[in-house]
Amino acid sequence: MPNTSTQNEVLNRLRNVKGHVAGIERMVGENAPCKDVLLQLLAIRSSIEKVGIFILENNAAECLISDSIPPEEKEKVNQLVKDIVAFLK
């Protein structure tokens, strides 16, 4: 990930997910109701999906476009990335 602010945001989001996983481990160890554990797993799944969308939205165009591509082709790639992100949200 070339962009430091994007990298930091992704790392922060992943640390948040890591904290949720630790919480679920405690819940399971304390015999929490299945309903509560499943709800927390759903929250983690949603968070992971959002991290993926964030990476796609902020890095896909950079990964797919080289400096030698004409501007109109770059715009097509950028639009495609926007369309994919809109579909995923």
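Structure notes:
- Residue match in the stretch 18-30 (condition: outside any helix (DSSP H, G or I), at pLDDT 90 or above and either loosely packed, with under 13 Cβ neighbours inside 10 Å or in contact with a Lys or Arg (Cβ under 9 Å, 6 or more places away or on another chain) (or both)): yes
- Top-ranked residue in the stretch 46-61 [being among the charged types (D, E, K, R) and surrounded by 13 or more Cβ atoms within 10 Å (Cβ to Cβ); ranked as farthest from LEU80 (Cα to Cα)]: LYS50
- When the test is whether a residue is at pLDDT below 95, aliphatic (A, V, I, L, M) and either more than 17 Å from the chain's Cα centre (by Cα) or part of a helix (DSSP H, G or I) (or both), ILE53 passes it.
- Remark: pairs (first residue in the stretch 65-88, within 28 Å of LYS50 (Cβ to Cβ); second residue basic (Lys, Arg) and surrounded by 13 or more Cβ atoms within 10 Å (Cβ to Cβ); Cβ separation under 7 Å; 6+ apart in sequence or on different chains) = ILE65/LYS74.
- Residues in the stretch 35-50 that are farther than 11 Å from VAL17 by Cβ and of a type in the set (Val, Ile, Thr): VAL37 alone.
- Counting the residues of the stretch 62-89 that are hydrophobic (A, V, I, L, M, F, W, C), exposed (fewer than 14 other Cβ atoms within 10 Å of the Cβ) and part of a loop (DSSP other than H, G, I, E, B) gives 1.
The values are calculated or read from the model by the stated rules, or taken from the named source; none is laboratory data. This structure is a prediction, so every number in the text was calculated from the model and none was measured. Cβ: placed from backbone, ideal geometry, glycine included. Neighbour counts: every protein chain shown.
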